[in-house]
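Bear in mind these aren't lab numbers, they're just calculated from the coordinates by the rules spelled out. Note that the coordinates shown come from a computational prediction; the quantities given were computed from them, not determined experimentally. Here the Cβ positions follow ideal geometry from the backbone for every residue, glycine too, while neighbour counts run over all protein chains shown.
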Amino acid sequence: MKKFILASIATAVLATSTVSASEFTINPMIGASNNKAFGTSFAAGVEAGYGDVLMGYTYTGTSEKTSSEFIYDGQEAFTNSKDEFSAHSIYAGYQFDVAAGKLAVKAGVEISKRKANGSFGWEAMTPTPFSTANNEGGMLQSSVKGESLVRPMVGLGYHLDNGWNFNLHYTFHRSDRQATANFTGAYMSADGFEEESIRNVKTSLSDKDMSTWMFTVGYRF
């Protein structure tokens, strides 16, 4: 009798775990995102589902804007700048039976990071309005790291019965962010080399309209 009870309990536990496992799904996704300020970049994510409840994570790959300029008019001068942006999103969702598949409605937050670097340098080859002697020069470098921002996101996904799914997410993102800037300046003259630096200066980075569309394709296992 005891063996029968133990066998029955084991069978029930095994059956329950089998049903639970069949309701659990993993959905890796890959695609692209388009940020209004930075353009298009790589995107990827993964969703875990239990029944009709979803939990998800997506990553927007680093986007960069770079520029440079070289000037020669009695002196050599150049400028370089780089602006980088990346974001992570976490969200929850619920899916409903629609036609030959399921429609998922999602909501969550995006956590974004942004940093910028720039440099300006010059060297006087002949006397100019900026310098009265030859072989003088200078350099200014800046590094600005913005604080992380949290912004709302929403999304829709359509899951076919064969496992394939298509997802469209949107993040609302328009505001400035506080930042810490590091400036380093150097000046070179015939008398020697002098250098000064200013660290941990509080400033801000203007985000303008950084709202983002993301489209991904996934396959649910």
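Annotation: extensible slack from THR62 through LYS202 equals 48.0 nm (criterion: 0.36 nm per residue apart, minus Cα-Cα distance).
Below 13 angstrom from the Cβ of TYR91, what's the summed charge of the other residues (Lys, Arg +1; Asp, Glu -1)?
Combined, the nearby Lys, Arg, Asp and Glu give 0.
Pairs spanning more than 31 Å between alpha-carbon atoms, out of LYS106/LYS208; LYS102/LYS208; LYS65/LYS102; LYS36/LYS202: LYS102/LYS208; LYS65/LYS102.
Taking label positions 7 Å along the Cα-Cβ direction at both THR25 and LEU156, the computed distance is 1.8 nm, reported to one decimal.
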